[in-house]
Amino acid sequence: MVENSKSIEDLYNSKSMGLSEQDLEQMNQHGVSLDVVKKQLAIFKKGIAKMELVEAATIGNGILKFTTDEFIDKANFFDEHKSNFKLLKFVPASGAATRMFKFLTVFVADFNIEKESINAYINRKKDSKLPVFIVGMEKLPFFEMIYQKLKSEIANFDNLSRDYKNYYFIKFMLDSKYFDFASKPKGILPFHKYATRIATPIEEHLYECGYYSSSKGKSYLHFTVTESHQEEFEKIINDVKANVEKETQTTIEVSYSYQDKSTDTIAVTMNNKLFRTEEGKLLFRPGGHGALIDNLNQLDADIIFIKNIDNVILHNNETIALYKKALAGVLLELQQEIFACLNLMDYSNVADSQIEKIKTFLKSKLNVNVKSDFDLYTFENKIKVLRGILDRPIRVCGMVKNEGEPGGGPFWVKNGQKGISLQIVESSQVDLSDKKQAKIMENATHFNPVDLVCATKNYKNEKFDLHQFVDENTGFIVEKNHQGKDIKGYELPGLWNGAMANWLTVFVEVPLITFNPVKTVNDLLKEAHQSL
């Protein structure tokens, strides 16, 4: 009999779903319950309702805008108070660099050096990225190491034509026998070339810890990684950590976690039937970055900075630090006011005038309106409502001006009976066939760069259970391919989307210099990643 199952009841329910005892055993070993699979199957059949946008969040209407002096004041406020808190930087870093090199992977698979020139391929495929790569490749931080390998492996390499040199450069860069860059995690790739060293994103994140995420000379850095890659992360950290700590005068404690297998989700056929592998087994897929709410939930820190692994910059650490510390300053100021309100409701006789002040604070500082009939509530119910609104995790999110980058942005969203709230919304969550919704999406002025500062403890210094604040109705159904067969998968509500939907949320405009992601290898040729 399957361990940890509900025995006869589970078997009865599972058979009606087309599941065998072996399936239940596989689910049990994966840490996925029958109830979870049932819910996910229901989602596939019913579909996920699109989010209803009310309007784009803009400056003065959901997004705060500060002058340089105000940013400095906020950063100074954070510096003055940070010694009272444990600071941690949380960096999702488990993904491979597959997309970063996708256009080059396609090139190697489709190009025949014996039958056409690279220029002919570019014209045939109308490939705009490949010529940019070829023209700029000598500026890439890893150019020299690959070039030297080519010279040692290929006889008379220097005498080859330019097309052959470029082709072999790309092939060696991607080949699993050589550099295999597309299969490696972004964090360990060479990103920046300094005078005396080549730096990876891991090293840059370590430096950033010293510049803005440290208190009393101590900093905590947490990477979510794929278990098989942790050793590579550790090797880089062991090589550079001492120098970083000496330069920043900060001791950095690094920790790791993996995406829990129990957050994987069931795959189905295009007809919403359970998909089975050639071996007849169920197929579970990673639940997306929304699964990391579980990793975040397990961390113990007062203030948590969240930033993607590829959003690092060469030089200008002080500039980046200013805006990160300023966001943390905004969070601390809000938290102090929120905690004061909650303590007031705990320990004092709250006057009607104070309730009105709390209502005003909710609207002016937290973009929350209480229901229109709030004034008709009893005193006890007013306190209960206000406490329910205020006693939540807090996030302050940096937003940059929209310059055409693909991805989510800040919007006012209708939440059924709950009213309207500020959310980060992806285009895939919106019904773009609805002209009104498409127009709202098109009118977005800002973009989400994944630049968050969070507080995950309550006013009694207890950790929130972050799972209690997830909007379970905001996941994603995605179409994928498994061994040549089309399938559908389910991704959990995104970490900074539905997984934080019920947090207290504040958006702040930050300058574009804070947003320098490396989505394709060509981004490494941009000014932010090139030495002066």
It is to be established whether one or more residues within segment 414-435 are touching a Ser or Thr at 6+ places or on another chain (Cβ under 6 Å), assigned to a strand (DSSP E or B) and closer than 26 Å to ILE303 by Cα. yes
Of the candidates LEU88, LEU150, the one satisfying the condition of being over 30 Å from THR224 (Cα atoms) and surrounded by 14 or more Cβ atoms within 10 Å (Cβ to Cβ) is LEU150
Would you confirm whether any residue within segment 219-239 is more than 30 Å from ASP79 (Cβ to Cβ), assigned to a strand (DSSP E or B) and in contact (Cβ under 8 Å) with a residue 24 or more places away in the chain? no
Within segment 421-462, the residues that are at positive phi and either without any contact (Cβ under 8 Å) to a residue 24 or more places away in the chain or hydroxyl-bearing (Ser, Thr, Tyr) (or both) are ASN461
For segment 27-35, indicate whether the set of residues that are touching a Phe, Trp or Tyr at 6+ places or on another chain (Cβ under 9 Å), at pLDDT 90 or above and outside any loop (DSSP other than H, G, I, E, B) is non-empty.
yes
If we keep only residues of segment 41-82 that are in contact with a helix residue (DSSP H, G or I) (Cβ under 7 Å, 6 or more places away or on another chain) and assigned to a strand (DSSP E or B), then the residue surrounded by the most Cβ atoms within 10 Å (Cβ to Cβ) is LEU53
Exercise for the section: Check segment 312-330 and report whether any residue there is assigned to a strand (DSSP E or B), on the phi < 0 side of the Ramachandran plot and over 19 Å from the mean Cα position of the chain (by Cα). Expected result: no
Given (1) in a loop (DSSP other than H, G, I, E, B); (2) under 20 Å from GLU491 (Cβ atoms), LEU292 misses just (1)
Would you check if there is a residue in segment 193-216 being among the aromatic types (Phe, Trp, Tyr), over 22 Å from LEU327 (Cα atoms) and at pLDDT 95 or above?
no
Taking segment 471-501 and keeping residues surrounded by fewer than 20 Cβ atoms within 10 Å (Cβ to Cβ), assigned to a loop (DSSP other than H, G, I, E, B) and in contact (Cβ under 8 Å) with a residue 60 or more places away in the chain leaves ASN473, GLN483
Condition set among the polar types (S, T, N, Q) and in contact with a Pro (Cβ under 9 Å, 6 or more places away or on another chain), scope segment 446-466, selection nearest to ARG395 (Cα to Cα): answer is THR456
Within segment 241-270, of all residues that are touching a residue at least 40 places away in the same chain (Cβ under 8 Å) and in a helix (DSSP H, G or I), the one farthest from LYS488 (Cα to Cα) is GLU247
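The values are calculated or read from the model by the stated rules, or taken from the named source; none is laboratory data. Fair warning: this is a prediction, and the values are worked out from it, not measured in the lab. Backbone-built Cβ (ideal geometry, glycine too); neighbour counts: all protein chains shown.
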